[in-house]
Amino acid sequence: MKKTVIVKVEQRRAAVMMKRILVHFRSQMDEQLRPEGVTTAQLQVLKTIREGAGLSGAQLARSCYITPQSAQALLKGLEEDGWITRFKDRENDRILIAQLTPSGERLLRKAEKLVRVIEKRLWTGVAGSDLGQLNAVLEQCLGNLDGDSSTGRAS
């Protein structure tokens with residue numbers, strides 16, 4: 001019984017630590033990105049647009065884990081700032097496809113450099129061999145929450 005309590009305490013502690021890391025990481029990213037006039041959410045949308053050329057707004061929202069309404073608001077702001085252009089899809093003129101502009105690509109490259117500095121600080125002192133184990137554990141946890149039986153099962 002005592003072992004079960006210790007495991008539950010450690011599980012909770014791990015969940016709290018993951019949340020704290022995400023909050024600190026996001027806060028530091030936002031602080032570094034603020035002078036560039038971009039938020040972390042906008043940066044994620046820009047990255048997704050670059051990596052997934054031709055995505056609709058709904059597909060973009062799913063890829064960024066945001067609502068379609070939030071995606072539309074972010075896209076509108078990115079377009080107004082001149083970082084993306086949008087045009088009608090060839091097959092369905094009700095769908096607007098986003099594409100990075102040259103200034104959007106420059107912004108994204110600069111922002112990614114800032115993010116790499118924070119990531120380097122995050123992983124200071126963590127052995128590469130530990131990262132494989134950490135990723136395996138996190139994949140298991142994510143699979144448990146997603147209900148994906150191929151990566152893990154909730155117990």
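The values are calculated or read from the model by the stated rules, or taken from the named source; none is laboratory data. No experiment lies behind these values; they were computed from the predicted model shown. Here Cβ is always computed from backbone atoms with ideal geometry, including for glycine, and neighbour counts include all displayed protein chains.
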Study note, to complete from the structure: Going through (1) under 30 Å from Asp146 (Cα atoms); (2) in contact with a strand residue (DSSP E or B) (Cβ under 6 Å, 6 or more places away or on another chain); (3) modelled with pLDDT of 90 or more one by one, Ile84 fails only at (1)
Review point. What pairs can you find where one residue is in region 13-26 and touching a residue at least 60 places away in the same chain (Cβ under 8 Å), the other is assigned to a helix (DSSP H, G or I) and surrounded by 10 or more Cβ atoms within 10 Å (Cβ to Cβ), and their Cβ atoms are less than 7 Å apart, with a gap of 6+ or different chains?
Key: Phe25/Ile118; Phe25/Leu122
Revision key, fill the gap. Residue set Gly54, Gly37; condition at pLDDT below 90, farther than 19 Å from Arg116 by Cβ and out of contact with any strand residue (DSSP E or B) (no Cβ under 8 Å at 6 or more places or on another chain); output residue Gly37
Point to revise | Condition broken by Glu91, with the remaining ones in (1) more than 22 Å from Glu112 (Cβ to Cβ); (2) surrounded by 10 or more Cβ atoms within 10 Å (Cβ to Cβ); (3) out of contact with any Gly (no Cβ under 7 Å at 6 or more places or on another chain) satisfied | key: (2)
Exercise for review: Given the conditions (1) farther than 30 Å from Arg94 by Cα; (2) touching a Gly at 6+ places or on another chain (Cβ under 9 Å), report the number of the one that Gln59 does not fulfil.
Suggested key: (1)
Exercise for review: Find the residue count for region 97-129, including only residues that are in contact with a strand residue (DSSP E or B) (Cβ under 6 Å, 6 or more places away or on another chain), among the aliphatic types (A, V, I, L, M) and surrounded by fewer than 16 Cβ atoms within 10 Å (Cβ to Cβ).
Suggested key: 0
Study note, to complete from the structure: Ala136 meets each of (1) in a loop (DSSP other than H, G, I, E, B); (2) among the aliphatic types (A, V, I, L, M); (3) farther than 22 Å from Leu46 by Cα with one exception, condition (1)
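Quick check on region 33-43: of everything there that is assigned to a helix (DSSP H, G or I), touching a Leu at 6+ places or on another chain (Cβ under 9 Å) and free of Cβ contacts under 8 Å to residues at least 60 places away in the same chain, which residue is surrounded by the most Cβ atoms within 10 Å (Cβ to Cβ)? Quick ask: steps written out before the conclusion?
Step one: list which residues in region 33-43 are assigned to a helix (DSSP H, G or I), which gives 33-36, 40-43.
Those left that are additionally touching a Leu at 6+ places or on another chain (Cβ under 9 Å): 33, 36, 40-43.
If we keep only those that are free of Cβ contacts under 8 Å to residues at least 60 places away in the same chain too, we end up with 40-42.
Values: Thr40: 17, Ala41: 17, Gln42: 23.
The selected residue is Gln42.
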